[in-house]
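Trainee: Sharing a structure with you now.
Values quoted throughout were computed directly from the atomic coordinates according to the rules given, and no laboratory measurement underlies them. Keep in mind it's a predicted model, so treat the numbers as computed, not measured. Virtual Cβ from ideal backbone geometry, glycine too; neighbours counted across all protein chains shown.
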Amino acid sequence: MDYSHPELAERLAAEYVAGSLRGPARRRFEALLPAHPVMRQAVREWQTRLMPLTVSVEPQAPPAAVWDRIEASIGGGSLAARPAPAAPSWWQRLALWRGLAAFATVAAVSLGVLLARPQPAQPPIVVVLNATGATADGAVVPATFVASISGDGRSMVTRPIARVSLQASRALELWAVPAQGAPRSLGLVSAQSATVVRGERMLDNADALAVSLEPPGGSPTGAPTGPVLWAGKLGT
Amino acid sequence: MSLPPSRDWSERSRELSHLLARAGMGDRAAFAALYAKSSAHLFAVVLRICHDRAHAEDVLQEVYVNVWRAASGFDAAQSQPLTWLTSIARNRAIDSLRRAQTQPRLQSANAADDEDPDVYEQTADDRPGPLELLARAADARALAQCMDTLTGPQRSSVALAFYDGLSHSEVAEHLGQPIGTVKSWVRRGLLALKRCLDEAVQRDAAAPARG
């Protein structure tokens, strides 16, 4: 297909902005945008046309907690690292890491408290995913991922400790790895920033988390297709 | 149901452009003000697409974290702030549906009634249906006449896709029509919208700017 063709670019842009272009077609279109100025221009024009139609959606104030989480994610001042109790080396790295997501911080502080106290009912868990040594197309990826899991196991925040360089044509997918059987996908995670993952019984039977390198929309097969770049054991 | 204020999109955007520019320079107070002024709109847009509140809150968080990072790259010459923000929010919301698809999706209990689009307009909750929103948007922007250039089915399909984030096949399911028919309704509906919206933009541009 000749994506520079104005009529095709126009039609795809219209459906992309209207939202009806979905699935692989949407991902393909997004992947093509950076290289196709005609399409980018068509998208901008459609956004200009259609976005004002949202004026009729009744405004809804989000709960205050959302702003707190945003502020924490962008490295707000109040979240500077605090001295942590004596701890293993990964822990020190974690504590020193600036710009830690609010949730991760809460989880980390709670864990610090945990070290000195009897265990409460639902402790949060912090899992460190270390580089497996596998490389992506020759690129070395030494950074480490941290996953902070809520006490009830229904939400998790993943975050790379250092910036991960990733080709635009690849994505990172998170997996729950059971002791036996196939890994289950928990969705795509960002190589640059925090990703919130939510779900019921996400970690049932899982004893490790892993991050694999996948094509843009994630594994097409439902199982990891690329190398597993990071992995970490659940539990202590 | 009160209609949103009649203040124009461009006027609201002008208020935001200064805050967005300052946020792009790392001004957290400006970013907080930008959030205060725009988050209720973006949250409402996201909530219609995502349904689940907790999910919509996560999406909204991702949107603003993205906005903070991308603010310095915002080009006021290319688009209006509110257009830019709303586009980011819609894209995130639609992408999040793909992520959530592996989990079972909540549907209205009266599946048998879903074939009638009029019933769809009234089901689920007390929010206005997508057609109602399209009509209100048309009123707010003095587009009522040009909306008449779309046929009823074209309006329904475009409104379901745009406001509620339905895919072609989901629109087809709701309207009880073959997907090919729905695709052509959406395509032709968008073309008709384009004609009338472009005329409206020219009218807006010709009107004296205020503020």
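Trainee: Under the Karplus relation 6.51 cos²θ - 1.76 cosθ + 1.60, θ = phi - 60°, what is the ordered set of whole-Hz ³J(HN,Hα) values for region B:73-88, x standing for Gly and Pro?
Mentor: Those phi angles translate into x, 5, 10, 4, 6, 8, 7, 7, x, 5, 5, 4, 4, 5, 5, 4 Hz.
Trainee: What ³J(HN,Hα) values, in whole Hz, does the Karplus curve 6.51 cos²θ - 1.76 cosθ + 1.60 give for region A:13-28 when θ = phi - 60°, with x put for Gly and Pro?
Mentor: Values per residue, Gly and Pro as x: 4, 4, 6, 5, 6, 5, x, 7, 6, 9, x, x, 5, 5, 5, 4 Hz.
Trainee: I would also like to ask the following. With θ taken as phi - 60° and the coefficients 6.51, -1.76 and 1.60, list the Karplus ³J(HN,Hα) couplings across region B:148-153 in order, rounded to whole Hz; mark glycine and proline as x.
Mentor: Result, ordered by residue: 5, 6, 8, 6, x, x Hz.
Trainee: Between B:Ala32 and A:Asn205, with labels modelled 7 Å along Cα→Cβ, what's the label distance in nm to one decimal, could you check?
Mentor: It is 4.8 nm.
Trainee: Work out the FRET efficiency for B:Thr149 and A:Val38 from their Cβ-Cβ distance, taking R0 = 35 Å, and round it to the nearest 0.05. Each step should come with its number before you reach the end.
Mentor: Numbers: r = 26 Å, r/R0 = 0.76.
According to the calculation, E is roughly 0.85.
Trainee: For B:Lys183, give me every one of the lysines with a C-alpha distance below 22 angstrom, ignoring sequence neighbours fewer than eight places off in its own chain.
Mentor: B:Lys194
Trainee: If you filter region B:1-86 for trypsin sites (Lys or Arg not before Pro), then keep DSSP loop positions with at most 14 other Cβ within 10 Å, what is left? All intermediate terms of the calculation are to be shown ahead of the outcome.
Mentor: On the way: sites: B:Arg7, B:Arg12, B:Arg14, B:Arg22, B:Arg28, B:Lys37, B:Arg48, B:Arg53, B:Arg69; in loops: B:Arg7.
Within region B:1-86, the qualifying trypsin sites (Lys or Arg not before Pro) (loop, at most 14 other Cβ atoms within 10 Å) are B:Arg7.
Trainee: In addition: Please identify which residues in region A:155-175 have an amide N closer than 19 Å to a label point set 7 Å out from the Cα of B:Asn66, following the Cα→Cβ vector.
Mentor: So the set is A:157-160, A:164, A:166-174.
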